[in-house]
Amino acid sequence: DVVETREHYKSRWRSIWIMYLTMFLSSVGFSIVIMSVWPYLQKIDPTADASFLGWIIASYSIGQMVASPLFGLWSNYRPRREPLVVSTTISVAANCLYAYVHLPHSHNKYYMLTARALVGFGAGNVAVVRSYIAGATSLTERTSAMANTSACQAVGFILGPVFQTCFTLIGEEGITWKLIHLQLNMYTAPVLFGALLGVINIILIFAIFREHRVDDMGRQCKSINSEGEESGGLDQDAEGNIDHVAVVAINFLFFVILFVFAVFETIATPLTMDMYSWTRKEAVFYNGIILSVVGIESVIVFMVVKMLSKKTGERAILHGGLLIVLVGFFILLPWGKKLPNIQWQEIKNNSIPRTTSTEMLMPFWSLEALQLPSNHTVEPVGCPITQSWCLNTPMIYLAQYISSDILIGLGYPVCNVMSYTLYSKILGPKPQGVYMGWLTASGSGARILGPVFVSQIYTHLGPRWAFSLICGVVVISLLLLEIVYKRLIAFSVRYGRMQE
């Protein structure tokens, strides 16, 4: 029954490797400017404030959320090369636009917002990438291929800031190519480098990428996406209905997984500044190191989970990953008696009484007297007194924070890979573009809502409420997983065409 020739096998895996590269470049496009957006925004448009920065960061995910189902639908009925090339071209053009946002005399911040939204729109091609990999791999190859895809995505997120750091050597002024009004500096060089990588990706898609489709047992099949000589093989029976309960459940679980990780990334800097009296520079530096280590940990986990899944199955590993994430956030709950340092407390050599009921009734005007004059040059450190919870919430010890980082860095990649793998297996042999688009869109929506949720809850109610609610959400996810556990099986297994 095996109809795949050696040449077909090589061509199929060359195409899959091009998809890995596309996924890598998509994540680099997001992370390569993430550290420099704020200073660049301040430079080109002094009217922009921190709240607008939030919109610029979110615009990438909004663009991706809108584009993913559209590119997925396109890839279901046309050769995938078309949406891949168009989406990558949009990203290249958007990166070039970003390099020129300094030129207009006004509204520069809106041009930057547009550029980042378009980069995100182009990144909607990850739905096409994952649907292709799902259709071009057998069930035995699927987990490994999905793990490699997620690893490429993770490496892209890690290397993006590294590329940005290298380009800081050019400096803020850099050089100007007057003929085309191009400023090449530490802010524009990274996006131009990203545009160059996009052009290389387009060339490789044309030169190497070919449409391939195999069934769950690895036999070559005809594909609706193929043209001409690429369409050979068996036309496998794809009859049977997709289990939409399982599909919706995985979409919800994936949303929760991305939501809690977005919360984890967002809260790192303000939490450490409040709890450990770190300065802005220290918080960015130390958390940058921690997130880099977590990223490396994630890549290792992606590799290990490929082997582990062969012994235990994807559902058990997903269950274990969610439990690890739950423990990670549970550890973050404040348990001790020691309170965090209040902002200005160290500088004033004065302490604020925080253990009696009197200070809870202290009027705000009397607290203002404890702050330094506005022209003081020393950066305030500690928990700001405007956050009322600072006066009665115990601090989270550094050991708690580090332990939580390690556990979340372990649980998140496990859940990420297993969600995609189970999802692709549940969908079966039918074109998966639209479904993968919805899964990508749910992840993008989580990355938008996560930072908004945690910033509001953390600022007004504190870490105890924020992390308790996150634990509650993960517990609900575990209960849902228990309910649908037996339904999370491959399409071919569900209809008795293969043994589990």
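How many of the residues in segment 171-193 are within 20 Å of residue 91 (Cα to Cα) and in contact (Cβ under 8 Å) with a residue 24 or more places away in the chain? The qualifying residues number 9.
Here is a check on your reading of the model: is residue 199 modelled with pLDDT of 80 or more and closer than 27 Å to residue 321 by Cβ?
Values: modelled with pLDDT of 80 or more: yes; closer than 27 Å to residue 321 by Cβ: no.
When the stated conditions are applied, residue 199 does not pass them.
Scanning segment 126-144 for residues that are open to solvent by less than 10 Å² (accessible area, probe 1.4 Å) and under 20 Å from residue 27 (Cα atoms) turns up 126, 127, 128, 129, 130, 131, 132, 133, 134.
In the set 168, 149, only one residue is out of contact with any strand residue (DSSP E or B) (no Cβ under 9 Å at 6 or more places or on another chain) and closer than 24 Å to residue 203 by Cβ; that residue is 149. Screening residue 35 against (1) open to solvent by 40 Å² or more (accessible area, probe 1.4 Å); (2) part of a helix (DSSP H, G or I) leaves a single unmet condition, (2). Scanning segment 433-452 for residues that are over 23 Å from residue 478 (Cβ atoms) and either buried (at least 24 other Cβ atoms within 10 Å of the Cβ) or under 19 Å from the mean Cα position of the chain (by Cα) (or both) gives 433, 435, 436, 437, 440, 441, 444, 448, 451, 452.
Residue count for segment 280-325 satisfying the condition of being open to solvent by 40 Å² or more (accessible area, probe 1.4 Å), closer than 28 Å to residue 160 by Cα, hydrophobic (A, V, I, L, M, F, W, C) and in contact (Cβ under 8 Å) with a residue 12 or more places away in the chain: 6. Of the residues that sit in segment 38-84 and are hydroxyl-bearing (Ser, Thr, Tyr) and within 17 Å of residue 451 (Cβ to Cβ), which one is most open to solvent (accessible area, probe 1.4 Å)? Ranking the qualifying residues of segment 38-84, first place goes to 51.
Go over the candidates 298, 292 one by one and state the one that is within 22 Å of residue 400 (Cβ to Cβ), in a helix (DSSP H, G or I) and modelled with pLDDT under 80. 292 is the lone residue from the list that is within 22 Å of residue 400 (Cβ to Cβ), in a helix (DSSP H, G or I) and modelled with pLDDT under 80. Applying the condition of being of a type outside the set (A, V, I, L, M) and in a loop (DSSP other than H, G, I, E, B) to segment 38-67 and asking which residue is nearest to residue 91 (Cα to Cα) yields 45. The helices (runs of 4 or more DSSP H) found wholly in segment 383-500 and carrying at least 1 residues that are of a type in the set (Lys, Arg) and more than 30 Å from residue 217 (Cβ to Cβ) occupy 433-461, 463-484.
Under the condition of being open to solvent by less than 30 Å² (accessible area, probe 1.4 Å) and among the hydroxyl-bearing types (Ser, Thr, Tyr), which residue from segment 390-432 is farthest from residue 266 (Cα to Cα)? The extreme case among them is 424.
The values are calculated or read from the model by the stated rules, or taken from the named source; none is laboratory data. Worth saying up front: this structure is predicted, and the values here are computed from it rather than measured. In this analysis, Cβ positions are derived from the backbone assuming ideal geometry, glycine residues included, and neighbour counts consider all displayed protein chains. Heavy atoms of the whole protein, side chains included, go into the accessibility calculation; ligands, DNA and RNA do not. Shrake-Rupley method; radii C 1.70, N 1.55, O 1.52, S 1.80 Å.
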